[in-house]
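Asker: This is the structure I have questions about; it appears just below.
The values are calculated or read from the model by the stated rules, or taken from the named source; none is laboratory data. Please read all numbers here as calculations on a predicted model, not as lab measurements. Using ideal geometry, Cβ is built from the backbone for each residue, glycine included, and neighbour counts are taken over all protein chains shown.
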Amino acid sequence: MLRDVLVNEIGLHRQSHARALELQGYDAVALSGGGRSVVGLDVCDAVIQRARQRSSASDVAFVSADFFTWAAPEPFHLILDYTFFCALDPSVRPAWAARMEELLRPDGELITLMYLPQDQDSGPPYNTTVLDYEEVLNPLGFVIESIEDNDVAVEPRKGLEKIARWKKTAAGAETSTTDKPSDNL
Ligand SMILES: C[S@@+](CC[C@H](N)C(=O)[O-])C[C@H]1O[C@@H](n2cnc3c(N)ncnc32)[C@H](O)[C@@H]1O
């Protein structure tokens, strides 16, 4: 279960994760509990309505808004991008990274649950690699702290999903993807 992965491997119980944002509605429930205040965001009203109906968690606010223009009340300690990146046209990826930086506290943590399809003629989802994430996040100082296969991926996506934790470091801003390419694809 995604929640178990987040608690056991990501240390979700930590106090430093007091305010969390999840990109794609329902999976916000996986972040709930522990006194955290969680926002589940999706631009699609129907997705948000469904998430509200399925969830009984009182500490999750489901918001229907555009990630790129949403007026967040304050920056987050933790953001979980649940296969959002691969749904975006590749030309938008640098704006995605800039927005992540804006929405996260400077000491915040970004977690990306990455679906990495390679056989798409178009999208969404678009063909995506870990290097695609690094190309837009490394210049902003985000570096991978850990990366694992997502063992709880749904059957058709087994072997095609990874979970990465990103930390913003001053040194990271100087690390180019050419200097330090990911060997995880
Ligand atoms: C690939 S789906 C992710 C669904 C689910 N997490 C999964 O893996 O099956 C992409 C989601 O991104 C949402 N989306 C697309 N553009 C968005 C935007 N600009 N702001 C917020 N949500 C957006 C869509 O409504 C859709 O629910």
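Asker: Quick check on my filter: what residues within the range 66-116 are in a loop (DSSP other than H, G, I, E, B) and more than 24 Å from Val152 (Cβ to Cβ)?
Answerer: Answer for the range 66-116, where residues must be in a loop (DSSP other than H, G, I, E, B) and more than 24 Å from Val152 (Cβ to Cβ): Asp66, Phe67, Phe68, Thr69, Trp70, Ala71, Ala72, Pro73, Glu74, Pro75, Asp89.
Asker: Additional query: Which of (1) β-branched (Val, Ile, Thr); (2) at pLDDT 95 or above; (3) not in a strand (DSSP E or B) does Ile144 not meet, given it meets every other one?
Answerer: (3)
Asker: Return the only residue of Asp59, Asp66, Asp45, Asp27 being near the ligand (Cβ under 8 Å from one of its atoms), of a type in the set (Asp, Glu) and either more than 16 Å from the chain's Cα centre (by Cα) or at pLDDT below 90 (or both).
Answerer: Asp27
Asker: Here is a further query. Among the residues of the range 91-108, write down those that are surrounded by 14 or more Cβ atoms within 10 Å (Cβ to Cβ) and among the acidic types (Asp, Glu).
Answerer: Glu101 - this is the single residue of the range 91-108 that is surrounded by 14 or more Cβ atoms within 10 Å (Cβ to Cβ) and among the acidic types (Asp, Glu).
Asker: Another one. Considering only the range 142-155, I want to know if a residue exists there that is farther than 30 Å from Ser37 by Cβ and surrounded by 15 or more Cβ atoms within 10 Å (Cβ to Cβ).
Answerer: For the range 142-155, residues farther than 30 Å from Ser37 by Cβ and surrounded by 15 or more Cβ atoms within 10 Å (Cβ to Cβ): absent.
Asker: Can you tell me which residue among Ile79, Ile144 is more than 10 Å from the ligand (Cβ to nearest atom) and in contact with a Leu (Cβ under 6 Å, 6 or more places away or on another chain)?
Answerer: Ile79
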